[in-house]
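Peer 1: Dropping the structure in here first, questions after.
Readers should treat all values here as calculations from the given coordinates under stated rules, not as data from a laboratory. Bear in mind that the values here come from a model prediction, so they are computed numbers and not experimental data. Positions of Cβ are generated from backbone atoms using ideal geometry, with glycine treated the same way; all protein chains shown enter the neighbour counts.
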């Protein structure tokens with residue numbers, strides 16, 4: 001089980017809801033992924049174009065835990081405001097702290113992320129900060145009381161996979177709260193790799209929504225996460241520098 | 001009554017006096033709408049009766065797809 005704050009989840013795959021081709025494909029992809037946590041952004045309603053469909057109306061909201069993000073915020077104060085707006089929906093009390101410090105790389109601003117997380121914890125939110133793979137920053141976020149740490153595998157939307165597996169591993173090893181690898185996942189093996197390293201979960205969006213067949217990719221990611229987790233729990237063999245035969249060396253039949 | 005709604009200056013008919021009236025006027029989905037009135041986020045359970053005044057600044061937001 002994946003335990004975040006007071007919540008428990010069977011699935012270790014968290015799915016973003018952005019950029020799907022249409023709601024029908026999105027709904028099927030969500031179902032195939034078997035994700036229980038869905039992320040959302042908070043944006044203005046278009047007051048001059050009412051009745052635009054909303055994905056939340058297409059799903060049974062009570063079957064999911066909603067994880068709104070603070071995307072768009074560039075300061076801690078902006079992130080806190082977005083988080084409070086999200087909470088006012090009455091639908092959730094978890095928040096993905098996302099304070100982007102660079103428009104080109106979309107990398108998170110560590111100082112503002114730390115400040116926002118501290119402020120939101122004081123407000124009583126369940127706080128999941130999206131952070132870089134900086135090991136000490138992850139530790140500082142955990143020390144604040146964050147309920148999970150979400151280091152990026154690589155920049156948002158790149159699909160480059162885990163750029164620095166050593167850092168991700170260090171973060172996992174030091175952390176006593178769940179570590180969810182968030183952003184940069186491209187293929188199911190990336191998700192499996194994160195889980196093999198010992199991550200508690202994987203959060204991805206574009207890898208599924210941007211795939212040629214998002215529904216199949218959602219299912220593939222589910223298996224990637226399951227396989228990686230099973231491999232981690234089973235315990236891998238040590239890496240060796242030299243070969244070690246798996247067939248017996250004795251008892252060869254000789255002509 | 002003149003207000004700023006989601007950054008747009010709008011003129012509203014006289015019968016629009018509460019948040020409920022405002023959401024109805026723009027035919028917005030009340031379930032999805034989250035309302036901030038003059039930088040104060042309104043509690044969903046009580047917000048519909050909140051009174052509006054000339055010059056109010058209102059933000060109406062919702063959850064949309066995002067990662």
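Peer 1: Taking the Cα centroid of region A:25-72 and of region A:196-255, what is the distance between the two, rounded to the nearest whole Å?
Peer 2: A separation of 31 Å, based on Cα centres.
Peer 1: Okay, moving on. Below 8 Å between Cα atoms, with a sequence gap of 6+, how large is the relative contact order for chain B in percent?
Peer 2: 44 percent
Peer 1: With a cut-off of 17 Å, note down the residues of region B:48-62 whose backbone N falls inside the zone around a label point 7 Å from the Cα of residue B:15 toward its beta carbon.
Peer 2: Hits in region B:48-62 for residue B:15 at 17 Å: B:52.
Peer 1: Which of A:113, A:105, A:75 has the fewest other C-beta atoms within 10 Å, and how do the rest follow up to the most?
Peer 2: With the fewest neighbours first, A:113, A:105, A:75 line up as A:105, A:75, A:113.
Peer 1: Compute the angle between helix A:214-234 and the longest alpha-carbon principal axis of chain A, please, reported from 0 to 90 degrees and rounded to the nearest 10.
Peer 2: The answer is roughly 50 degrees.
Peer 1: If you take the Cα Rg of the protein assembly as shown and divide it by 2.2 N^0.38 Å, with N the number of residues, what do you get?
Peer 2: For the protein assembly as shown, the normalised Cα radius of gyration is 1.16.
Peer 1: Among DSSP beta bridges lying fully in the protein assembly as shown, give the percent that are antiparallel, nearest 5.
Peer 2: Counting only bridges with both partners in the protein assembly as shown, antiparallel ones make up about 45 percent.
Peer 1: Put a dot 7 Å past each Cα toward the Cβ at residue A:243 and residue A:167; how far apart are the dots in nm?
Peer 2: 3.8 nm
Peer 1: Compute the angle between helix A:110-122 and the longest alpha-carbon principal axis of chain A, please, reported from 0 to 90 degrees and rounded to the nearest 10.
Peer 2: Its long axis makes an angle of about 70 degrees.
Peer 1: Could you put A:196, A:250 in order, starting from the residue whose Cβ has the fewest other Cβ atoms within 10 Å?
Peer 2: Going from sparsest to densest Cβ surroundings: A:250, A:196.
Peer 1: Taking the beta-carbon count within 10 Å as an exposure proxy, list A:140, A:12 from fewest neighbours to most.
Peer 2: Result, fewest neighbours first: A:140, A:12.
Peer 1: For the Cα atoms of chain A, what angle does the longest principal axis make with the long axis of helix A:165-174, in degrees from 0 to 90, nearest 10?
Peer 2: Once rounded, the angle reads 80 degrees.
Peer 1: A follow-up question, please. In percent, how large is the relative contact order of chain A, given Cα pairs closer than 8 Å and 6 or more residues apart?
Peer 2: Reported relative contact order: 19 percent.
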